[in-house]
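Student: Here it is: the structure, laid out below.
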Amino acid sequence: MTKNVLKSQSNERLSELCIACNQGELAGVELSLHQWHRQGDCPSEAYVLLACCLSRRGRYDDAAAILHRAERARPVTDPSLMMVMVCVFTLLDQPQTASKHMRRLHARFGHLPYVSQWLEGINILNASHLPSQSDAIISELVEELLQEPRVLRSLTVAMKIEPNEQHIDVLRQAGSLTLNRVEPSIDLEVEFCQSLAELALLADDQADARRWAHRGLKINPLAAHLAIVLSQVDDHVHIGPSARDVLAKVNEIQPTYPDVHAALIRREFFDGDTQSARMRLSGWLETDPENRTALSLRKEIAA
């Protein structure tokens, strides 16, 4: 007999027991479930139903024993079983055990809408303190990025156009995990550092943006986009060179890159070195009086 046939029979039997429960035949259902759960083909849903029947009669210790047996019988892959575990162990006043199962439920199935809604709806065990994103979503994205790592750059650009706080959080976590596992490549690592630094800026996390920018600049000291990221955060002498030093170095090697030139002038100005900033801007306008970036920067400084 094939596995599909056995599964179909189990589903049919379970469906009949659920109907019997709804019709009030609880004693008969419980007896059938007691017999079934000792058999090797008993599905996790049947354990859930038996635990619910026992809990309904206030036999929470027996329900907990059934759930523990379900865990030992096979890996728990059924969110409904885990949800029942949370409820039963809460009723048994075992908050640590209940919290363990709630965290596992969130990590494995928090991306499913009905599980997410259930977690949001319960008022026990500080469910509101769970991480904002399910580990399952992050793990899935990591696997996708390992296959197509360049996708992170596109997703980051999309977040810069239309930011979404939850999506940014997922991308930051998945990107960092992927970088630790992806095949080493100088260009790819610098690209990841740029994306993660820009995502950190979107999340208003200056410390992380600075960290990723300096990590990328250690690989490629002339990475213009990373220098621009540094221009938007405070300096930290123990993390790396100042933004002005980095920008000046990149600007010296790539003087025709207007964004770096503008970032250097802007950083000098807001650091209080207004005379140097104005002189640099004047020199730029003398050599390229129609440059739109320079003209816009002049208005910005004047304001």
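Student: Can you name the residue in segment 138-170 that is closer than 22 Å to Leu226 by Cβ and of a type in the set (Gly, Ala, Ser) and is also least open to solvent (accessible area, probe 1.4 Å) among such residues?
Tutor: That would be Ala158.
Student: I'd like the full set of residues that are modelled with pLDDT under 80 and open to solvent by 30 Å² or more (accessible area, probe 1.4 Å), limited to segment 58-82.
Tutor: His68, Arg69, Glu71, Arg72, Ala73, Arg74, Pro75, Thr77, Ser80
Student: Just give me the residues in segment 253-293 being at pLDDT below 90, hydrophobic (A, V, I, L, M, F, W, C) and open to solvent by 60 Å² or more (accessible area, probe 1.4 Å), in sequence order.
Tutor: The answer is Ile253, Phe270.
Student: Take the residues of segment 228-252 that are under 26 Å from the mean Cα position of the chain (by Cα) and buried (at least 18 other Cβ atoms within 10 Å of the Cβ): which is farthest from Gly283 (Cα to Cα)?
Tutor: Val233
Student: Give segment 30-43 a look and list any residue that's modelled with pLDDT of 75 or more, under 19 Å from Asp78 (Cβ atoms) and open to solvent by less than 50 Å² (accessible area, probe 1.4 Å), or say none.
Tutor: Leu33, Trp36, Cys42, Pro43 - these are the residues of segment 30-43 that are modelled with pLDDT of 75 or more, under 19 Å from Asp78 (Cβ atoms) and open to solvent by less than 50 Å² (accessible area, probe 1.4 Å).
Student: Scan segment 23-34 for residues that are without any contact (Cβ under 8 Å) to a residue 12 or more places away in the chain and closer than 21 Å to Val88 by Cβ and jot them down.
Tutor: Ala27, Leu31
Student: Tell me which of these Lys299 doesn't satisfy, since it passes every other one: (1) part of a helix (DSSP H, G or I); (2) at pLDDT 90 or above; (3) open to solvent by 30 Å² or more (accessible area, probe 1.4 Å).
Tutor: For Lys299, the failing item is (2).
Student: So how many residues does segment 195-211 have that are open to solvent by less than 50 Å² (accessible area, probe 1.4 Å) and either closer than 22 Å to Glu143 by Cβ or more than 18 Å from the chain's Cα centre (by Cα) (or both)?
Tutor: 4
Student: I've got another one for you. Tell me the residue from Gln133, Gln94, Gln173 that is farther than 29 Å from Ala46 by Cβ, surrounded by 12 or more Cβ atoms within 10 Å (Cβ to Cβ) and modelled with pLDDT under 80, please.
Tutor: It is Gln133.
The values are calculated or read from the model by the stated rules, or taken from the named source; none is laboratory data. Everything quoted here is computed from the prediction, not taken from an experiment. Cβ sites come from the backbone with ideal geometry, for glycine too, and all protein chains shown count toward neighbours. Just so you know, the surface numbers come from the protein's heavy atoms only, side chains and all, with ligands and any DNA or RNA stripped out. Shrake-Rupley method; radii C 1.70, N 1.55, O 1.52, S 1.80 Å.
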